[in-house]
Amino acid sequence: MYELATVVLDDRGEPGDALVDIGPDLQAGQSSTVIGACLLQCAVLSGIEECLRRGIRPPVPVSNNIAGAATANRRLVADFPSRLPEVYERARRGTHRAEASGG
């Protein structure tokens, strides 16, 4: 992969990295998934840190279980319509994900 990518997040995992035996010849809970998620979050946090260092307020969504999140996240989506076109369009129409997907 390093031959093709500008940046590679290598979790140093081994092939067949499942952590839990759930039956005969059956494993699940790959360590690479957990480590990969942590590496990706570290990369995101580094980008946020760099924005703050440069005096830029990073466009970070607010967790939906925080008061005022809906308003803050609508503003965020409105500020970046070309980056999140489907979300922007749903917000503009006032529809939710379940309504937009028919569920």
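Keeping to the stretch 11-57, report how many residues are in contact with a Gly (Cβ under 7 Å, 6 or more places away or on another chain) and closer than 20 Å to Leu76 by Cα. Quick ask: steps written out before the conclusion?
First, pick out the residues of the stretch 11-57 that are in contact with a Gly (Cβ under 7 Å, 6 or more places away or on another chain): 11, 18-20, 31-32, 35.
Checking the rest, the ones that are also closer than 20 Å to Leu76 by Cα come to none.
Residues in the stretch 11-57 being in contact with a Gly (Cβ under 7 Å, 6 or more places away or on another chain) and closer than 20 Å to Leu76 by Cα: 0 in total.
For the stretch 23-53, how many residues are aliphatic (A, V, I, L, M), over 12 Å from the mean Cα position of the chain (by Cα) and assigned to a helix (DSSP H, G or I)?
We begin by selecting, within the stretch 23-53, every residue aliphatic (A, V, I, L, M); these are 26, 28, 34-35, 37, 39-40, 43-45, 48, 52.
If we keep only those that are over 12 Å from the mean Cα position of the chain (by Cα) too, we end up with 26, 28, 34-35, 48, 52.
Then drop every residue that is not assigned to a helix (DSSP H, G or I), which leaves 34-35, 48, 52.
Qualifying residue count, the stretch 23-53: 4.
Could you please let me know if Glu14 is assigned to a helix (DSSP H, G or I) and without any contact (Cβ under 8 Å) to a residue 60 or more places away in the chain? Walk me through it before giving the result.
Values: assigned to a helix (DSSP H, G or I): no; without any contact (Cβ under 8 Å) to a residue 60 or more places away in the chain: yes.
Judged against the criteria, Glu14 is not a match.
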| field | Every residue from the stretch 2-37 that is surrounded by 12 or more Cβ atoms within 10 Å (Cβ to Cβ) and out of contact with any strand residue (DSSP E or B) (no Cβ under 7 Å at 6 or more places or on another chain) | value | Leu9, Asp11, Gly13, Ser32, Thr33, Val34, Ile35, Gly36
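Here, each number is a calculation from the coordinates, and none is a lab measurement. Note that the structure is predicted; figures quoted are calculated from it, not measured. Counting neighbours? That spans all protein chains shown, and the Cβs are built from the backbone with ideal geometry, glycine included.
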